[in-house]
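Shown next, in structure tokens, is the structure this report addresses.
The values are calculated or read from the model by the stated rules, or taken from the named source; none is laboratory data. All values reported here derive from a predicted model rather than from experimental measurement. Heads up, the Cβs are rebuilt from the backbone with ideal geometry, glycines too, and the neighbour counts pull from every protein chain shown. Please note that ligands, DNA and RNA were not included when accessible areas were found on the heavy atoms of the full protein model with its side chains. Shrake-Rupley method; radii C 1.70, N 1.55, O 1.52, S 1.80 Å.
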Amino acid sequence: MPRVNKDSKATKRTSAKRTAIAGQASPARRHQLTAQELQQLAPIPETLRPGLDVLFVGINPGVVSGVKQLHFGNPQNFFWPGLFQSGLIPEAIQPEDGHRLAAEWNMSIVNLVQRTTPSTSDLSRQEMRDAVPELCRKISANPPRVICFVGKGIYEIFVGSSKITLGLQDSVYDLDAPLNASLVAEPLRTKTR
């Protein structure tokens, strides 16, 4: 006979009661939007200018980010704590303070795809590949010192290959080169360390 953890049921009931007592829906429930509501969300504003020290590139906004109009707006996302823990910013900040990234620390965030979705799995690989030329134009017009792709998957889409290694890359890309389906960004030269 399988064992039932009575404590977990009690915890769930207690949590549900707290939510009901507080009169609030859970965070996940608050941000369940219809497809039409998702389409009506405006793109999250981007702060781009030449000479940024770091430009972070995300895939696309999740629902919480789209509703709040904040990059990495879900409080459960590790981006903001990770940024502080990495030493790139001197203090921990919340998504609502993301504007300080450009204003105080010369860094910014863009998304490959502007469309808000409940999950990145709601984007087709083709939609992401189709967005690469526009990302390249943004970066070419506002060249940063460093581009940091927030996740391995987005870098794979950018370079058009799943055979990548994590960490600092040796390739420098000519973002103005003609783009094609087989090779998204043309390697310009290889740096020696």
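Results, tabulated for the structure shown:
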quantity: Pair Gln40, Lys152: separation of 7 Å Cα→Cβ label points (nm); calculated: 4.0
quantity: Accessible area per residue, Å², the stretch 73-124 with all protein chains present, probe 1.4 Å; calculated: 52
quantity: By average C-beta atoms within 10 angstrom, highest first, the peptides 123-135, 78-90; calculated: 123-135, 78-90
quantity: D (Stokes-Einstein, µm²/s), Kirkwood Cα radius, the stretch 37-118, 1.567 mPa s at 4 °C; calculated: 100
quantity: Computed Rg/Rh of the stretch 48-90, alpha carbon atoms with Kirkwood Rh; calculated: 1.00
quantity: Sites Asn106 and Phe78 - FRET efficiency at Förster radius 30 Å, r taken between beta-carbons, to 0.05; calculated: 0.85
quantity: The stretch 30-126, accessible surface, carbon-and-sulfur percent (1.4 angstrom probe); calculated: 52
quantity: Extension gain (nm, one decimal) between Ser119 and Arg137, 0.36 nm per residue minus Cα-Cα; calculated: 3.9 nm
